[in-house]
Structures are given as C-alpha cells and as structure tokens.
Amino acid sequence: MTIDPERRNRPALELYVPEPHARPGDEPDFSHIIIPAAGSVPRPDIAAQPGEMKDLAYTLVRVLDEGGQAVGPWDPRLHPDTLRRMLRDMMLVRVYDDRMYRAQRQGKTSFYMKSTGEEAIAVAAGHALEREDMTFPTYRQQGLLVARGYPLAQMMCQVYSNRGDKLKGRQLPVMYSDKAHGFFSISGNLATQFPQAVGWAMASAIKGDSRIAAAYIGDGSTAEGDFHAAVTFAGVYRAPVILNIVNNQWAISTFSGIAGGELTTFAARAIGYGIAGLRVDGNDALAVYAATRWAADRARSNLGPTLIELFTYRVEGHSTSDDPSAYRPKSAGSNWPLGDPVARLKQHLVVLGEWDDERHQQLSDELEAEVRAAQREAEKLGTLVTSSIEFPQDVRTMFEDVFEEMPWHLREQQTQMVDELEAKRK
Amino acid sequence: MTIDPERRNRPALELYVPEPHARPGDEPDFSHIIIPAAGSVPRPDIAAQPGEMKDLAYTLVRVLDEGGQAVGPWDPRLHPDTLRRMLRDMMLVRVYDDRMYRAQRQGKTSFYMKSTGEEAIAVAAGHALEREDMTFPTYRQQGLLVARGYPLAQMMCQVYSNRGDKLKGRQLPVMYSDKAHGFFSISGNLATQFPQAVGWAMASAIKGDSRIAAAYIGDGSTAEGDFHAAVTFAGVYRAPVILNIVNNQWAISTFSGIAGGELTTFAARAIGYGIAGLRVDGNDALAVYAATRWAADRARSNLGPTLIELFTYRVEGHSTSDDPSAYRPKSAGSNWPLGDPVARLKQHLVVLGEWDDERHQQLSDELEAEVRAAQREAEKLGTLVTSSIEFPQDVRTMFEDVFEEMPWHLREQQTQMVDELEAKRK
Amino acid sequence: MTVMNMIQAINSAQNVMMERDGNVVALGEDVGYFGGVFRATEGLQRKYGKSRVFDTPISENGIVATAIGMAAYGLRPVAEIQFADYIYPGFDQLVSEAARMRYRTAGEWFLPLTIRSPYGGGIFGGQTHSQSPEALFAHVAGLKTVIPSNPYDAKGLLIAAIEDNDPVLFFEPKRIYNGPFDGFFDRPVTPWAKHPKAEVPEGHYTVPLGKAAVVREGEQITVIAYGTMVHVALATIEAQGIDAEVIDLRTILPVDIDTIEASVKKTGRCVVVHEATRTGGLGAELSALIQERCFYHLEAPVGRATGFDTPYPHSLEWAYFPGPIRLGTAIKKALED
Amino acid sequence: MTVMNMIQAINSAQNVMMERDGNVVALGEDVGYFGGVFRATEGLQRKYGKSRVFDTPISENGIVATAIGMAAYGLRPVAEIQFADYIYPGFDQLVSEAARMRYRTAGEWFLPLTIRSPYGGGIFGGQTHSQSPEALFAHVAGLKTVIPSNPYDAKGLLIAAIEDNDPVLFFEPKRIYNGPFDGFFDRPVTPWAKHPKAEVPEGHYTVPLGKAAVVREGEQITVIAYGTMVHVALATIEAQGIDAEVIDLRTILPVDIDTIEASVKKTGRCVVVHEATRTGGLGAELSALIQERCFYHLEAPVGRATGFDTPYPHSLEWAYFPGPIRLGTAIKKALED
Ligand SMILES: Cc1ncc(C[n+]2csc(CCOP(=O)(O)OP(=O)(O)O)c2C)c(N)n1
Ligand SMILES: Cc1ncc(C[n+]2csc(CCOP(=O)(O)OP(=O)(O)O)c2C)c(N)n1
Ligand SMILES: [Mg+2]
Ligand SMILES: [Mg+2]
C-alpha cells in the first residue's frame, strides 16, 4: 500500500482475484452448483423473441432425470435406434481417447487431448445437426467426427502425423479438418473459429442457401476478442449460427471464475447482446440434442443465432502436457454432480427396456476391437518419430500449399531443403 | 441464390442488414425511442448486487422533467453554484467547439471534432468525479478538460499543433493528454483506452490507493475486442472503474443498429457480464452527475465496476471530414426528443429562480470573449501550415520520446533529417 | 477507356467483379449505404443490394474473421479496413488464420479473400491515419501484398487480387487517390487526368500479381519504389537529371526478383525508397536479396530512403515524408560511392 | 552463485525484482496459483500474494491492455503471453498503444512494461507453439526486443527489462529452457548444469539492453545469432573447424551496431542465423545494415540461414529448423564466395 496523499479517510481499494472452491488437498466442493430438476425448464416456441426467454440463461435445460427417465418439454423423443447410435458414438469417443492418450504416453506422438465427460456435447449435436451443416469445433469435439462417421484410422493418422495424414503432418495432433464431414479446420489459436463460423453462416444467408453453422468455444476462451466479434456480428446480421460455449469449468489451471464465471452464467452473455440464449446440461445427451435442434430450427427459419452454454466438467487433464492435481483436488472429476454422460444415456436406454448390461459389455468389446484394428491400420502408415529425419512426409511438401502456386522464393528454399536433407542423410 | 442441392424444401436464408429509421429525404423519425418519465427509475443502494438491478439497463435514469424540475430518487440535490458552474462549462465547450470548427474551416488546422449535444456527458462527470480520479476519454469528452479547468489556450495549441502544444505537434487535433488534469492521452485507435482504464484501476487497487478510473467509449466502438477485454477484466477483478458507453446513435455513417443497438440496449451488456449497469439520459446533466456519483461510490467501496450507457444524439457531423446529410435527414439533430443539454440545465436553473435570460446572455458573451482571447493567445504560437517546412516544432524533436534514451539509429536519422532540412531550405 | 482517378478505378474493379461473379461481396465500416469514407464502394450497395455490399460493426477483427468464414464458404469477399493503421485488431485473424488456412488443411480449405485498405501518409492524418505496415505482412508466410501506384494498375491489380485464390492485402496509397503526388508538397497538385495511366478500360482486365513494372529505363542506377514513392522517384531523378531505371514493384510479396535482378545487374547501383519506417522495412529485405544475388555487380551499397523510425508526427509531416531531397541524397550517395 | 536453468533464472529475476520493488507485478494465463505452464512464475504468488501475481482471463489483448494501464499508473507489470504464437490478439495494444505512448504524449506518460513470452521451435509444438515473431516488433518504432541465450543473460536481461522505462518484449527460446540445444536433435540433450553461463548470482544484477556479446572470437567469418541459434552456431563452427567470430545479439532492438560493425570489418564475411521465416526477418535488416556500413570490407555477400517461408510444420520440425547443416552450408558459401 502506497501513501496516497489524496486518499483522505477513504477505504483502501483491494484487488479481488477469484479463487476456486477447492484446491489440492481440499475435498472437492460442488455445493455451490445449483441443479434445477430435469424437465422443469419451459421450451419456448422457436419464434419467441430473445427478450421473452431471458430466464433460460439462468437455469439448466435437463431431460434425463436421476432415475434415467426423459422428462419435460425438451424431451426430443428420439427413436431407440438413434439413442443407441448416440450411445455407441459416445462410447467410441471414449475408447478412442483412451487409446490415443496411451499412444502419446508410449511416445508414438507428441500430444493428445481427451474429451472425457464431454462426449455428449459433440456426439448429440452431431446427431441433431444436418449432415450439410458446418461445424467449427475446438479440439474437444472429436465426437462430431465420430458421430458423422469419419474413419477412425484417418483420425489416428492425423494424431500420428504419419503418411496417411491428409494434413501432411502439418498440424499438431487432434487439430483435424474434414470438409466432407462438415468439420472445419481446428486452429491452435483459441477462439478464432467463433467469428469465422459467423462469417460462414452469413455467406450461406447471402447465397440464399439453407446450411447453418455450429461453432464451439471453451469457457476460458470466451474472454478472447473473437468471442465478442462473433456474437456481435451474429446478432447484427441475424446469422444462421449456433454459438456453443462448452463450460467445462476449467481453462488449463484456471477455473471459470477467471473468465467471469463467478459473476453470472455464460449463457447470460446472450442477454447482453440481445440474442437467444440457453443453458444446458452438457452431460445429458438428450438435452444437448434438443437444444441443438431448437437452435438449428431457429437459424434455419431466419430467426437468427442462439448462444448455448453447455454446462459440464473437464474430468481429466487439459492435455497430455497437463497434470490437474497441481491445481485442483484429485478426485474432482468423479465427484461432478451432473454425472457421466455415457452412464446417463446408458441408464436411460436400460430404463426404456432398450438396453442391458450384457449388450453394453458386448458393444464395449466391439468398440475396443474396432479401435484397436484402426490403430493397427494407422500405425502401418507410421507414427511420429521426434528425433529422426526419416519423415513420413516427403520434405518437398513442406513448401506446398503456402500459396496455390509456389512462388520463386519457396521453390528456391525447396531446392535448398532437398540438398540439405541429402547432406543430413550422409 | 445458388442452387443448394441439399436444401430440399427448406426456406432460403437471408442476410439481415439493419437500416436506420430515416435516410436523407425522409422526415427524421424518433417514434421508436421510448422515454420513461423523469424520476420514474428507482435508485438502488450502492451495495445492491448487479443481479438485483437488471431492470436499470432497460430504462432511462432521468432527473430533469419536461418542466425543468429535478425529480425522483436520482436527483443529486446540487447547490445552485455547482449547477451554474456546470452550465458555464457546458456553454464554454460549445463556444470552444464552434470556434475550433471554424478555425479548421479557415485552414488553421487539419481536423476538428465537436461534441455538440453531448456536453453534459463530459462536463457533469467532470464535476461528479474527484480531481485525482483518472479519465480515459474518447475525442468527444473535451468537456472533462474544461470542467477541470484546463487552460483553453493550451487546448487550442494542441489543435493547432503549434509551438505551444505540449504534445509537440505529434497528435492529430483533439487528441489531448494531461496527467495533471486526470485526462489520459487520447488514441486515434478506437476503444484501446477502455481496457487500459481497467488496468489503471486495477493498479490503484493493487496499491491499496483510493483513486478510481472513468473510461469512455462510443456506441460504434463497443464492437471492438477491447470493449470485451475491458468489461471482462473489470468484472473478474472487481476493478474500481466506471465504464461509460456514450451512445450517440451514430458511428460515422452507420447507426447504432450496426453495432447491435437494435437487439437490446448497450447498458444490457452489463447483464451479460454480470456487472452493474445503468442507462442514463445523457442530455440531462443531473442524471449524468448522479449516475457517475453512484458508480464512483460503488467503485470506491470495493463494490466493483459499473457500466453506464449514456443515451444521447450526435447532433453534428462526425468530424470536419464528415457530411452527415449524406446518410441521415438534415434536421435529425434538432429533432432529438431528449432535447439540448445546455437548454435543459438552463431551464432548470431558471425554474429554480437561480438564473435568467439576461444572465445567460451575459455569460454567453463572456465565454465568447474568453474563447476569443484564448484563441488570440494560442495563435500567437502559430497554427498548422500544411504546405510548409516552417514547422512550429524543432525537427529534432521528431526523434525524441520514441524511447527514454535515443538509440544510435535514431541519432543517425536525426542528423540526416537536419541536413535534409537545410537542403530543403536552400 | 475512361479517365479515372484511383478511387474510381478501385470502385470500378469491384463493380466489374460484382457484376461478373455473384460470389464477390464487399463489406467494411461505412462501405454500405455511404460508400466508404473515401467513396471506394460508392453506388455498389444501390446496385448489388444490401446482402452483397454492407456496413459492418467497428471491429476489424470481426471484419477479417467473418470474411475468412465467407471465403471458406466459397464467396470472394472484398473487405475494407478503413485505414491501414486500424488493421492491427485483425492481425491475429490475418496472420494465424487467413495466412495459414490453405497450409494447415493441405489445400482442403483456401481463402479467396481481399483486404483493401487506404494507407500511407501525406494527408496530415497524424500517426494513426498515415501508416505503411506492408513489411509486417511480407514477413508472414501465406499472405500476398499489393500496392498500386496509378489508376490503371489499381484496377487491374485489384481484379487480379479478387480472382486470386489466396488472401491478398491491397494497400491503397491514399495520398495519390486524387493525383500523382510527387513529394513536392509546395507545388500545386496535379490531377490524374493528365497522367497516361489514368486511362482505364471500363470492363474486365487484370494486371498480374507478382510482376513489377519498369516505369523508366535507365543506366546509372536502379530505384525501386511502389505506391506514392513511384511518383517521388520519377520526380527526383528528373529534377536531378539522372538516368535511373525506376521499378514500380506493384506486388510486395511475392516480389518480382527477376526484374530487380536484371536491372541491378545492369546498373550496378540501387536505392530502395519507401514511406514505412526504415528498420525491418521492405527496404531491408530488398537490400538483403540484392546483395545476395548481385554482389559482384554492385558498385556501391544498396541505399535506403525511407520514413524514419518514429511514429508519423502530425505537424512534421513533411519532415517525415521521404521526399525528393531524401531520395535524391540517397541516389547521389549511391552514385558517388 | 547457483546453477540455474533458463526457467529458474527467469523465475529468479522476477523474484528479485518483486522483492526490491513493490511496483513489480506479474500476470498472465496460468501464471498465478499454478506458476505458469513452463513454471516461470512458480512460487511467486505464494510469496507475494494474489494482488501482485495473478491469473488472467484468456485474452492476450486484455493482458497487454491492462498491463499498459497498470504501467501508466506507475507499476512495472511483467506480463506473460503463454506462447509467442498467441501474441497477435495483443498486437494492436502493443503496436498502437504501448509503442506510441511516450511519443504521443511527449514523455508525459511512459510504460515500464515487460512482456515475457516463450518462443521458437524445437519441441514439436506444431505451427502454433513454435513461432519466432521478433522481426514484426523490430519494425515498430517504440518497442525494444530482447532474446537471451543462457541463464545468466536471461536473468540479467530480464531485470534490465523490468527496470527499463519503456515497453520491452522478452522472448524466451523455450527449446533451451532446460539445456543449450545445439541443433543436433539426434544426440542426447545436455543440461544447463555443465554450461558456464548457468552459474547465476542469486541476487540483483543486470545485463544491459542494447549490448551484444562476442561469445567466441574468430577471424574467418562473423556469425550473428541470438537465442537457441547461438548454440547452433557454436556447434556448427566447431563441427566444421572454422575460426568464426560468434556474436550473440541478446537485444534485437536497439541492435548493437558497433559490435557487429567491428567484427564484420575484421572478418570481411558474415552469416546471420535465425529460426524465424526468412523474408522480412531480422536477417534482412542485419544484412542491409552490414552492407550499408561495411560494403568495402565485405568479401562475400552476407548470408542468411533461417527458417523457411512456411509455417512451422509439426512432423517436419527437423527439416524446418535451421540446424548445423543449413548454417554450415551458408558459412561454407560465405567462405568460398
Ligand atoms: C490465443 C491463445 N491463447 C492461449 C492459448 C493456450 N491455451 C490452449 S488451451 C487453453 C485453455 C482453454 O480453455 P477453455 O477455453 O476453457 O477450453 P477447454 O480446454 O476447457 O475445452 C489455453 C490457455 C492458445 N492456444 N491460444
Ligand atoms: C480501430 C479503429 N477503427 C476505425 C477507426 C475510424 N473511426 C474513427 S471514429 C469512428 C466512429 C466511431 O463511432 P462511435 O464509437 O460511436 O463514437 P462517436 O464518434 O459517435 O463518438 C470510426 C469508424 C478508428 N479510429 N479506429
Ligand atoms: Mg474450459
Ligand atoms: Mg457514436
């Protein structure tokens, strides 16, 4: 504290710095989390004005209740086949994540990121959207690719940066891209995809087409200016876009309070911009499905964007480079009161009489086998070797795709590189 | 419209582009503006939670009613001397603006920006804040300097980029700076000052001091990422800062709808971030004073930031480079239903029996004389001559203040410039 | 052929392209109803409608980002940044996204995107309406940068930029919007009408990206310039009676190395002139390239006549601006060395 | 004296300065409780409290902007940008604000502000965890840029940066955080412990900004390097048995021209090496400066060994990285020419 000659008898100001409810050594504490009952939130007509549905930003759209029943107006009433497909895709994402995580630990690649506990968010949206809609994901929506049937082996080739990687080993693992599966190229720079999705959606409107965009951003990343640009432009032009905030309550080591999450919900941002907003239980596949559909219908009817906060919890570390026990209680993930999305969907199917433990185990074994087979296939095309110049890619490709046509300086550098490599090989 | 093979029988999307209510040739149309009665808005305790005062973002804090009476809980009950000082400062700003505008038209400088119709916003805040508080203004709050008694001649020297300009002619006219008068350097880059103010306020809190910051931004500029950074950081750290949005309904040629103003109020942004927000009649000096004081008291009591939308109208062109008749009806400014801030404060004083037309005329004449005298004084120190190398500044100063100490390359360039100038003079 | 100034030529390029290709759209602050603060999009909204020519919020970041999204969809957006000095809020989207998209997706996504921006000094705009940031973009792999010096090139290059399948930054030297300013600020301004390059075809044509123009052949020295500086260079050598070869780069990246190399090998001397700050400016790269490639032909060091390493000061505009004296001194030095 | 690696030295510099000066504060993404993703601020929050060492929202723009405000108040903020590749959202605040504040207010406001950022490649971080953007900042008048190559310098330079009254960018080559990597990626990593420059005083000392170090004297050729490349340079000339003079620039801007000039005038030959993309990189400026100032001493063109003009590709890291072969080839060429 400095001596402020002008302070007179005023109180000293203090900097407030938000602090999570529990730190390593503490018991995980989720007592501050308010969980409205499943089925308790009304479902407005898609043509309702944003001003009429502000309350939806402060509650939680939930369909699956504690007993595994689907209840209330948001129940999307899906056919059991659809539910089983969603369950399968969520389980597949989890098996895939575990495998790739282990592959990284085995030194087969440089980096990996799991989506454990957040599988419903990507998978249910993948099922709710139309195939021709474009998604602008973060690195935690691998479930969108799985839900749309993208070959696992191809995903793995990207993770391995190997000969089979359609991105030619240029991107960090998990930064997939596939136009045909409506999955926009993932950027290492957080939040940039959010306003790009709005531009894409505006283009669809400019052309008079019917395709919409669905964008994803993390709770931490909402602080970036790109978030603001996205919501501002989406609102002004009534862009046909779904703006999803995946609030898994952690950035890397910082909790959502550092992004403003102590002050209000992330869904409330929608109110600030005057657009429609929903807050949804992200561990409830049916709620995610229903909310996505509702927002998609609005977008497709020229009723503008919807901001959806998907409330969930990042059960595991941020990435393979992270050890969460350094900043939060070890068992935090397993104590998350909204449960596990896979277990909840499974329970629902069981309650419906459409599923049982045996079939579950069988499916689980099948998926393990499927992933293992894909891995074998992918590894035939190589894995990342970090201390070798036996690159899976032809080095000449390094100079391609900087521009459509290679200019003289890149041609010269390409020649230089080829000579260099020969010298290295000697 | 392209043929979208996947559209099936869906409706075509359309891009919506907001359009103002009236364009050149139309009658000015303000029928959509909702004006709550003066005195009708409650005044919460400063310790009230932001969540309890959301309504304040959708109404309009007004104190002066149509008859010139100060009414309701926001009446700051100012002494007539204070009211007269505020009136005087507002009138002075207007006279000053007119003079400098004319000076630009006479070729004495390159550029000027008036604040006509917005004088109450800066002047009343200047009176409500403590002298040691720091303001982070835009180019339309010259009234802050006037209210704090900054010498007019010095302002003019800046506008003329002349020998007397403490900024050494480096900044575009109206980009004043004066630390001693708590007026932060104005940037040509919109919005940058908004998060800087938050950082300044955080520093005051870090030091345990009691000084607060008041920042200004235009309605159009709220779209910049800096706005988002400012409100996010201010909320997270409960920074002692007042975040003022001056909504004069126009950027340059674009109306506030292009910044999202059709969707909700700018004050509603506060709700989105979970901080306190007010919407205030910016043409009502008493309302501006009261709101500023309320927000300042909150900030000083460690209760965090307040976002204030000051609702007003840009009566004249954006700057001397702008002709508003190209994009809005000519008489729009004079039809603005919230009236003229000078006339309204004058009326109030008259109603109070503390003022009359004669004194008003006398003051007006005095101010004209004062401004004319200041102008004579300033012009003695030169005006900008755009086609000459008879610079008011020593050219060597061009290389100073890039760094605290001049590095070798700037010293070399300085020598080169001096030689060059001699060659030019020949 | 019609006589056009730079603004008219730039307007015409957009008009021609919007007419030919329904995927071309224009956006930016004040570009819609009003037609741009420099009028570069005047009349286009009236002609092509609000969904193809529209005003944007004041967010350069949002402008670039949404334009990227539009380009990813398949449009060819032409986005205006009102002044080049205001491009920095969009810098991340340009550098991390626009420049990298084709590369990081191995060609699956590419961005036929043009960013237009009035640039450079000479109009008493002070330090935030005068900047020349081209070198920042030249250092970023994946961006092309174009700077025209006359109406004919402006239209042809802008059409080429819009037709290009990669992001192109198109900087418009605002000082020469209305006439070919040669740096003699104390002489009356000449309008474009008298300049041969103001004869502009009304329809479609292109001036290829990546190709410089030798605007004057000469033997004594090579002067490399672009934008406003082309006119300064011509005026300077004329005033000094020097038989210089003057190259108008037109495209900053990829630079036309063949034209540069041939000229410098012929003359043995070279000066680069630009308005941007000196350190790390384009002159540095050109100087490095030339000495790498023409070392044994060089009879004197490659000179640089540039803006100083300071912000652009409002009242000292003519002390900052690299006019005929600065360039003339550099040429004289290169000839004498 | 203690043996420290780079991270420890950087941590120590902040610790020393926070202890001495109550105005020094540290902020950035994950720098508070956790102590930074590279642990550069580990233990500081515990020691100095949350109001002096704190986590920020993920907004590089907000970090730079609020740090500017704090510096304007009179603090000496040390802000971390988690990776240099993520500095671009803060580019406008750095370029338009931090760099200009002293100038535009004629010294009334100045900004004693340090921006630290891990930078450079060599850790398989792919194109968004590997970049070297220093040249972008060297082109901007008003910013200083520092890049240390060893623990001793890192601490002394960082203290000097924090004490400096102008904004300083402090880029930390993350590849050498734990050991002096020399570019031979197929050999085991040497830890700092064996390096003489890992002997670091525990208390306060400075290494002055703007001064290069001649890390090896030699006669045949001058190699100019900084950061990781200093170790690559030393290893390369040792492997090739060349008697080169190796200059470690340490400060990128203002560059130590006297040391460079003296060395090149002595050796007559020069190669600049950096990891950043070649076109418009710092090598261009150095090459231009050297040929301007040492033209008649140069026996061969100034060479450049650099990263290629492409993004940094994840799997081709060792093809991109300018290691001993690339530098060796450039040196050989400069010696033979
Ligand atoms: C512009 C930018 N800044 C910082 C980073 C480093 N970074 C990568 S992920 C991450 C945390 C993101 O948290 P959140 O947005 O909540 O997403 P989550 O990982 O929880 O899904 C950070 C800080 C980055 N990649 N890009
Ligand atoms: C970053 C940036 N972008 C664009 C501009 C150009 N510009 C100057 S003022 C202005 C309009 C600002 O409107 P608003 O924020 O509403 O403020 P007002 O002038 O109405 O007070 C624009 C677009 C700028 N100065 N800086
Ligand atoms: Mg998160
Ligand atoms: Mg406005």
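Bear in mind these aren't lab numbers, they're just calculated from the coordinates by the rules spelled out. Everything numeric in this text was worked out from a predicted model, so none of it was measured. Please note: Cβ atoms are built from the backbone with ideal geometry, for glycine as well, and neighbour counts cover all protein chains shown.
Structure notes:
- Springs between Cα atoms under 10 Å define the GNM used for chain B, and in it the highest mean-square fluctuation of B:LEU410, B:LEU345, B:LEU87 occurs at B:LEU410.
- The count of lysine pairs in chain C that are at least 8 places apart or cross chains, and whose C-alpha atoms lie under 20 Å apart, stands at 17.
- FRET efficiency estimate (nearest 0.05) - Cβ-Cβ, C:TRP109 to B:ILE33, R0 41 angstrom: 0.35
- Based on Cα contacts under 8 Å between residues 6+ apart, chain B shows a relative contact order of 22 percent.
- Across the identical copies, how the C:PHE295 labels are spaced - nm, sorted shortest first, 7 Å along Cα→Cβ: 1.6
- In terms of overall dimensions, the C-alpha atoms belonging to region C:178-337 reach 44, 41, 30 Å along their principal axes, ordered largest to smallest.
- Shape call, region A:1-84: gyration tensor on alpha carbons, a/c limit 1.5: oblate
- Over chain B, DSSP H runs of length four or greater, each weighted -39,500 (n - 2.57), average out per residue to a 222 nm ellipticity of -11500 deg cm²/dmol.
- Inverse mean reciprocal Cα-Cα distance (Kirkwood Rh) of chain B, Å: 23.0 Å
- Inter-part distance, region C:89-105 to region B:298-337, computed on C-alpha centroids, equals 35 Å.
- Residues whose amide H lies under 5 Å from that of C:CYS270, counting only those 5 or more places away or on a different chain, are C:THR222, C:GLY303; hydrogens are built 1.01 Å from N in the peptide plane.
- Computed helical MRE - 222 nm, chain C, DSSP H runs ≥ 4 contributing -39500 (n - 2.57), nearest 500: -9500 deg cm²/dmol
- Cα-based shape type of region C:2-200, given that a ≥ b ≥ c are square roots of the gyration tensor eigenvalues and the cut on a/c is 1.5: prolate
- Residues in region B:130-155 reached by a label modelled at B:ALA180 [backbone nitrogen below 11 Å; 7 Å Cα→Cβ]: B:150-151
- Karplus-derived 3J(HN,Hα), 6.51/-1.76/1.60, for each residue of region D:36-47, Hz, glycine and proline x: x, 5, 9, 6, 6, 10, 4, x, 6, 5, 4, 7
- Proximal lysines relative to A:LYS114, as straight alpha-carbon distance under 20 Å, when same-chain residues fewer than 8 apart are discounted: A:LYS330
- With label points set 7 Å from Cα along Cα→Cβ, the inter-copy distances at B:ARG372 are 9.8 nm, sorted shortest first.
- Top of B:TRP408, B:TRP200, B:TRP74 by mean-square fluctuation, Gaussian network on chain B, Cα under 10 Å: B:TRP408
- Derived value for the protein assembly as shown: Kirkwood hydrodynamic radius 33.1 Å. Basis is the mean of 1/r over every pair of different alpha-carbon atoms.
- Proximal aspartates and glutamates to B:LYS179, defined as alpha-carbon separation beneath 12 angstrom and excluding residues fewer than eight positions away on the same chain: B:GLU132, B:ASP133, D:GLU108
- Other residues whose C-beta falls under 12 angstrom from the C-beta of D:PHE184 contribute a net charge of -1, scoring Lys and Arg +1 and Asp and Glu -1.
- Extending 7 Å from Cα along the Cβ direction at B:ALA47 and again at B:SER388 yields two label points whose distance is 6.4 nm.
- Most mobile of C:PHE184, C:PHE110, C:PHE171 in a GNM of chain C (Cα contacts under 10 Å): C:PHE184
- Here is the size of chain D from its Cα atoms: Rg then Dmax, 19.2, 59 Å.
- Comparing Cα centroids, region D:28-63 and region A:341-386 end up 40 angstrom apart.
- Once backbone amide H atoms are built at 1.01 Å from N, C:VAL53 has C:ALA26 as its partners under 5 Å, excluding neighbours fewer than 5 places away on the same chain.
- Annotation: amide H of C:GLU172 within the under-5 Å range of C:SER117, C:TYR119, sequence separation 5 or more or interchain, hydrogens built in the peptide plane.
- Summing charges over neighbours of C:PRO77, with a neighbour being any other residue whose Cβ is under 12 Å away from its Cβ, gives +1 when K and R count +1 and D and E count -1.
- Per-residue mean of C-beta atoms belonging to partner chains within 10 Å, peptide A:48-61: 1
- With the simple spin-label model, which puts each label point 7 Å out from Cα in the Cβ direction, the B:LYS330 to A:ALA369 separation comes to 8.5 nm.
- Comment: the Cα-to-Cβ extended label point of A:GLY353, at 7 Å, lies 8.8 nm from its counterparts in the other copies, nearest first.
- Normalised by residue number, the volume inside the convex hull of the Cα atoms of region B:99-202 is 101 Å³ per residue.
- Charge tally for C:ALA141 (other residues, Cβ to Cβ under 9 Å; Lys, Arg +1; Asp, Glu -1): 0.
- Cα-projected label distance for C:ASN165 with A:ALA12, points at 7 Å along beta-carbon direction, nm: 6.5 nm
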